[in-house]
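Colleague: First the structure, which I've put down as structure tokens, then a few questions once you've had a look.
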Amino acid sequence: MPKLSGLLRQTSEKFPERTAFIEPEQGRITYGALQQLAARLSQLLSDNGVEAGDRVGVCLPKSILSVGAIFGILEAEAAYVPVDVEAPENRNGYILENCQAKALLVSSDQLETYASHFEGKCSVREIPGLPLALLILDFQGASPLDIPSGLAYILYTSGSTGLPKGVLITHRNAFCFVQWAGQAFGISEKDVFSSIAPFHFDLSVFDLFTAVLHGASVVLIGSQMAKNPMQLAALIDEHHISVWYATPTTLKMMLRFGRMERYQHDSLRIVLFAGEVFPITPLREIKARWHTAAFYNLYGPTETNVCTFHPIPELIPEEQSAPYPIGIACPYARCRILVDEQSHLLKPGLEGELLVAGESVMAGYLNLPERNERAFWTEQGEQWYRTGDIVRVDNQLEMEYVSRKDRMVKRYGYRIELGEIEAALHHHPDIAEAGVVSVQPEGQDVQIIAFYSTKAPETALPVLALKEFLVQNLPAYMVPDKLVHLVETPKTTTHKVNYPALMQLV
Amino acid sequence: MESIKGKVREYLVAELNLPISQEELQDDTPLLSSRLIDSISALLLVEFLEKEYKIEFKPHEVNHDNLDSLDLIANFVEGKQQEHA
């Protein structure tokens, strides 16, 4: 089975002088030079005791250097664990400790933060000539982890208990998708990709590895630029981008605020969207504008990678009003539908929880045996991942997304377990109870509303201070839109938070 | 300067439904980094400023450095107006 690090080695031999990654207004790197950077960092990791199967954290802003770090880690046969540079240090610290990372590659300006976070458990190696450092971590005494062989990376997703959970993805899991996507979308070395999603988000797997497999160039878009539709719209023409992969939220923002009429955007060839449902009106609008591109809806939770797809027709018929289906299974994946604890093959009209099996499905969640038990449905010795997504099978045997089975919501394409927000609120010294709900008004984005009661029941907390507290404890996309103080949180007869009653208060 | 801040303060609280009152919203209260306003509201604010003060943001000017507080917004708007004067 090919390894992801092998992709860069092969391409750098084939196209040493071709541009690999571009940092707008900063610079670019060729495939040859990127391989050298990865080899240097890989050597550094090995010299410092990193071995095959070890985990190495990456806490770097999106940059050529962060790409070099990822390939360097893979070259050392270790697994990379990307964390959100903008997320609270405590959350990232938890992630690194949870996977018992052997080392962390961190930008010079955040070195001190993490060196003091892990005081007594780390030592620092400066890296001459580069604005990053290596933090060697030592979690001695921690119980050994069950790490699958061939682990490529761990992506942490929101956890309902308040702690993020690590999704273990092997080279085999990732490679089947990377290879299929290259073929399905006819990717070649002439393509120019956008890399909008951060590296801790699974959409980035396509941008990084499918591009490298084929020797395409990739324009790296940092977190601030990714939220700035005017800059995004300008970048397409500036860099002649041909492959654009983004969430519907980003595409809708570009339509609304991107001053799209000023640009040609005729270099676009493939537009992929994933992460959430794309309502038909804005899809129709952007498709009309980007008439040179073929559009595809991709679907798949982090745990399965992309596992279904649906090509959007060249012309969206006038009468089409429902969003397009998530489609049919990719060739490496198989789908079944679970209804009343019985699994079924797809047949028209069937509605239930989508189960996915096949090469792309994760090895499991790291160190969460009970959660893994619940995450999989076993049938005749085979494990099927329970997506928690309710789908309906249409007459063409394509699947349509219906709803979620649990309290997970999507915002800007990110998964959010409302329980993680509640857990953060419970950490506030003055909060007695909290219940978080989400609403999505017609034609608008998901809104998260947090209700809380205080230990001094009549006293609401100052909104600004509470928001600041949450910013320090949650990634920005999880901070609620509204914070509502209640004298008493409504309860069910079993003394649990009464969510339907909270919804009545929205 | 003060009139810009006053107008923007009113817009933020009344139109963007900021969850705090005009009195609580200080000149240096962080807006984006505190998540008081989200990225979409920030873009609506840019539209408002462009229309109200007949200025245009260049794509790279839509950022925290120019929008994260009333002080920064007023400075930016004044600078733009002087460019055109």
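Colleague: Chain B: Rg/Rh from Cα coordinates, Kirkwood Rh?
Modeller: Looking at chain B, the ratio lands at 0.92.
Colleague: Hey, another quick one. Could you work out how far apart the two model spin labels at residue A:143 and residue A:505 are, taking each label as a point 7 Å from the Cα in the direction of the beta carbon, and quote it in nm?
Modeller: Calculated label separation equals 3.9 nm.
Colleague: Oh, and also: Based only on other Cβ atoms within 10 Å, what is the fewest-to-most ordering of A:497, A:56?
Modeller: A:497, A:56
Colleague: Give me a comma-separated list of calculated 3J(HN,Hα) values for segment A:475-486, in order, Karplus coefficients 6.51, -1.76, 1.60 applied at θ = phi - 60°, integers in Hz, x for any Gly or Pro.
Modeller: Values, residue by residue: x, 3, 5, 9, 5, x, 6, 10, 10, 10, 7, 10 Hz.
Colleague: Work out which GluC sites (Glu not before Pro) in chain B are exposed loop sites (DSSP not H, G, I, E or B, at most 13 other Cβ within 10 Å) and give the longest gap free of them.
Modeller: It runs B:25-55.
Colleague: Follow-up question, since we're still on this one. Based on alpha-carbon centroids, what's the gap between segment A:13-53 and segment A:60-127 in Å, whole number please?
Modeller: Measuring centre to centre over Cα atoms gives 17 Å.
Colleague: To the nearest 500 deg cm²/dmol, what mean residue ellipticity at 222 nm is calculated for chain A from DSSP H runs of n ≥ 4 alone, each contributing -39,500 (n - 2.57), summed and divided by the residues?
Modeller: Calculated mean residue ellipticity at 222 nm is -8500 deg cm²/dmol.
Colleague: Sticking with this structure for a sec: Taking 8 Å as the Cα distance limit and 6 or more residues as the minimum spacing, I'd like the relative contact order of chain B as a percentage. All intermediate terms of the calculation are to be shown ahead of the outcome.
Modeller: Working: 69 pairs, mean separation 29.4, N = 85.
Once normalised by length, the contact order is 35 percent.
Colleague: Oh, and also: Once amide H atoms are placed 1.01 Å from N in the peptide plane, what residues at a sequence separation of 5 or more from residue A:364, or on another chain, have their amide H within under 5 Å of its amide H?
Modeller: For residue A:364, whose amide H was placed from the backbone, the distant partners under 5 Å are A:168.
Colleague: Can you run phi through the Karplus equation (6.51, -1.76, 1.60; θ = phi - 60°) for segment A:431-443 and list ³J(HN,Hα) in whole Hz, with x for Gly and Pro?
Modeller: In residue order, the calculated couplings are 8, 8, 9, 8, x, 10, 10, 10, 9, 9, x, 2, x Hz.
Colleague: Picking from A:131, A:480, A:174, whose Cα lies most toward the positive end of the charge dipole for the protein assembly as shown (charges on Cβ: Lys, Arg +1; Asp, Glu -1)?
Modeller: Highest projection toward the positive end goes to A:174.
Colleague: How about segment A:223-321: which trypsin sites (Lys or Arg not before Pro) there are in a DSSP loop, with at most 15 other Cβ atoms within 10 Å of their Cβ?
Modeller: A:259
Colleague: May I ask which residue of A:164, A:118, A:395 lies farthest towards the positive end of the charge dipole of chain A, with charges of +1 (Lys, Arg) and -1 (Asp, Glu) on Cβ and the Cα centre as origin?
Modeller: A:395
Colleague: Sort A:143, B:41 so that the residue with the fewest other Cβ atoms within 10 Å of its own Cβ comes first and the one with the most comes last.
Modeller: Values: A:143 7, B:41 18.
Fewest-to-most Cβ neighbours within 10 Å comes out as A:143, B:41.
Colleague: Run the quick spin-label model on residue B:27 and residue A:113: label points 7 Å from Cα toward the beta carbon, then report their separation in nm to one decimal.
Modeller: About 2.9 nm separates the two model spin labels.
Colleague: Another question about this same structure. Quick one: check the C-alpha center-to-center distance for segment A:302-351 versus segment A:487-505, whole angstrom.
Modeller: Cα centroid to Cα centroid, the span is 35 Å.
Colleague: Using only Cα atoms, what Kirkwood radius does segment A:98-175 have, in angstroms?
Modeller: 14.5 Å
Colleague: Longest exposed-loop-site-free stretch of chain A, with GluC sites (Glu not before Pro), DSSP loop and at most 12 other Cβ within 10 Å? Intermediate results must be reported in sequence, preceding the final value.
Modeller: Working: sites that count: A:17, A:25, A:51, A:119, A:314, A:318, A:319, A:341, A:442, A:458, A:488.
Result for the longest clean stretch: A:120-313.
Colleague: Right, here's the next one. Hey, what did chain A get for relative contact order, percent, Cα under 8 Å, at least 6 apart?
Modeller: 11 percent
Colleague: If I fit a long axis through the Cα atoms of helix B:70-84 and take the longest principal axis of the Cα atoms of chain B, what angle between them do I get, 0 to 90°, rounded to 10?
Modeller: That helix lies at roughly 10 degrees to the long axis.
Colleague: By how many nm would the segment from residue A:321 to residue A:370 grow when fully extended, if each residue of separation counts as 0.36 nm and the alpha-carbon distance is taken off?
Modeller: 13.5 nm is the gain from fully extending residue A:321 to residue A:370.
Colleague: State to the nearest 20 debye the size of the charge dipole of segment A:332-404 about its Cα centre, where the only charges are +1 on K and R beta carbons and -1 on D and E beta carbons. Write out the running numbers ahead of the final one.
Modeller: Numbers: 8 positive and 13 negative charges, 20 e Å.
Dipole of segment A:332-404, to the nearest 20 debye: 100 debye.
Colleague: Rounded to whole Å and sorted largest first, what semi-axes of the equivalent ellipsoid does the C-alpha gyration tensor of segment A:408-505 yield via the square root of 5 times each eigenvalue?
Modeller: The three semi-axes for segment A:408-505 are 20, 17, 12 Å.
Colleague: Now for a separate question. Sort A:64, A:187 so that the residue with the fewest other Cβ atoms within 10 Å of its own Cβ comes first and the one with the most comes last.
Modeller: A:64, A:187
Colleague: Also, I was wondering about something else. Give me the compactness ratio for the protein assembly as shown, meaning the Cα radius of gyration over 2.2 N^0.38 Å.
Modeller: Working: Rg = 24.1 Å, N = 591, 2.2 N^0.38 = 24.9 Å.
So the protein assembly as shown has a normalised radius of gyration of 0.97.
Colleague: Give the long-range amide H neighbours of residue A:218: residues separated by 5 or more places, or on another chain, with amide H under 5 Å away, using H modelled in the peptide plane at 1.01 Å from N.
Modeller: So residue A:218 has HN proximity to A:21, A:22, A:193.
Colleague: Give the cross-link partners of residue B:58 among the lysines, using a straight C-alpha distance below 29 Å as the criterion and excluding same-chain residues fewer than 8 apart.
Modeller: Within reach: A:62, A:227, A:252, A:287, B:5, B:7, B:80.
Colleague: Moving to a separate point now. Please name which of A:449, A:39, A:380 has its Cα lying farthest along the dipole of chain A towards the positive end, using unit charges on Cβ (Lys, Arg +1; Asp, Glu -1) and the Cα centre as origin.
Modeller: A:39
Colleague: For a quick check: with amide H placed at 1.01 Å from N, whose amide H comes under 5 Å from residue A:327's, ignoring anything fewer than 5 positions away on the same chain?
Modeller: A:399
Colleague: For segment A:415-480 and segment A:232-271, compute the distance between their C-alpha centroids and round to whole Å.
Modeller: Using only Cα atoms to place each centre, the spacing works out to 33 Å.
Colleague: Calculate the spin-label point distance for residue A:124 paired with residue A:97, positioning each point 7 Å from the Cα along the beta-carbon direction, and give it in nanometres.
Modeller: Roughly 2.1 nm, to one decimal.
Colleague: Report the charge-dipole magnitude of segment B:1-76 in Debye, nearest 20, computed about the Cα centre from +1 at each Lys and Arg Cβ and -1 at each Asp and Glu Cβ. Intermediate results must be reported in sequence, preceding the final value.
Modeller: Details: 7 positive and 16 negative charges, 34 e Å.
Rounded to the nearest 20 debye, it is 160 debye.
Colleague: Using the Kirkwood formula over every pair of different C-alpha atoms, what hydrodynamic radius in Å results for segment A:279-355?
Modeller: Values: mean 1/r = 0.0701 Å⁻¹.
Result for segment A:279-355 stands at 14.3 Å.
Colleague: In debye, nearest 20, what is the charge dipole magnitude of the protein assembly as shown about its Cα centre with +1 on Lys and Arg Cβ and -1 on Asp and Glu Cβ, if you could check?
Modeller: 1080 debye
Colleague: Residue-wise, which Karplus ³J(HN,Hα) couplings in Hz belong to segment A:188-204, taking 6.51 cos²θ - 1.76 cosθ + 1.60, θ = phi - 60°, and x for glycine or proline?
Modeller: Listing the rounded values in order: 9, 5, 7, 6, 10, 8, 9, 10, 8, 5, x, 5, 8, 10, 5, 4, 5 Hz.
Each value in this text was obtained by applying a stated rule to the coordinates, not by laboratory testing. None of these values were measured; they are calculated from a predicted model. As a convention, Cβ positions derive from the backbone with ideal geometry for all residues, glycine included, and neighbour counts pool all protein chains shown.
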